[in-house]
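The values are calculated or read from the model by the stated rules, or taken from the named source; none is laboratory data. In this text, all values refer to a predicted model and were calculated from it rather than measured experimentally. FYI the Cβ positions are ideal-geometry reconstructions off the backbone, even for glycines, and counts take in every protein chain you see. Note: accessible area is taken over every heavy atom of the protein model, side chains too, but ligands, DNA and RNA are not part of it. Shrake-Rupley method; radii C 1.70, N 1.55, O 1.52, S 1.80 Å.
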Amino acid sequence: MTAKKGKAVKINYKLEVDGEDVDSGELDYLHGYDNIVAGLEDALEGKAIADKITVAVPPEKGYGIVNEEGIQIVPRSSFPDDGPLNIGDQFMAENPDGEQMPFTITKITDEEVTVDFNHALAGKTLNFEVEILAIRDADETELEHGHIHSEHGHHH
Ligand code: ZN
């Protein structure tokens, strides 16, 4: 059995960005349903259990390129006074459609705060080392939901 659309795939992965380890662990995902970044999914297509791959995923096939419009400067007063603000803090904003949009604080002055709505890994090349641990057929409900149902893979 190989990784292709409609298969539930379990991987062990290590992600390195700019020479630093940023993430690692096991992940169950549904192949072919945009559960993982496109460049990694492409690289896993057709691979079998116990196959190991290393792949450098460019930003376009990872978390996207940096959108300058996503970087905004807002008055310090638009944040609550109760508690310090730190560079790297993450908050949620709500857009007019009621959608939750995470952002990160990237700069703080007395008067102003620079916030970045880009994904933290936007503009970065993602260096993955991956081993395929298991592959199975996804069940009907999983295919309908577009994700798999297991302790690691279920996000409702
Ligand atoms: Zn579900």
Discussion item. Tell me the mean residue ellipticity at 222 nm calculated for the chain from its helices only (DSSP H runs of n ≥ 4, each -39500 (n - 2.57), averaged over every residue, nearest 500).
Written reply: -2000 deg cm²/dmol
Item to complete: Please give the per residue accessible area of the chain, computed with a probe of 1.4 Å over protein heavy atoms only, in Å².
Response: 62 Å²
Discussion item. Apply the Karplus curve 6.51 cos²θ - 1.76 cosθ + 1.60, θ = phi - 60°, to the phi angles in the range 14-20 and return the couplings in whole Hz, x for Gly and Pro.
Written reply: 10, 10, 10, 10, 6, x, 10
Worksheet, complete the sentence: Diffing the range 25-32: the Karplus 3J(HN,Hα) column from phi (6.51, -1.76, 1.60, θ = phi - 60°), in whole Hz with x for Gly and Pro, holds x, 9, 9, 9, 9, 9, 5, x
Item to complete: Note the count of lysine pairs whose C-alpha atoms are less than 13 angstrom apart in the chain, limited to pairs 8 or more residues apart or on different chains.
Response: 7
Discussion item. So, R0 is 22 Å and r is the distance between the beta-carbons of T2 and V55; what FRET efficiency does that work out to, to 0.05?
Written reply: 0.85
Practice prompt. In whole Hz, with x marking every Gly and Pro, tabulate ³J(HN,Hα) for the range 64-78 from phi via Karplus 6.51 cos²θ - 1.76 cosθ + 1.60, θ = phi - 60°.
Written response: x, 8, 6, 9, 4, 5, x, 9, 10, 10, 10, x, 4, 5, 7
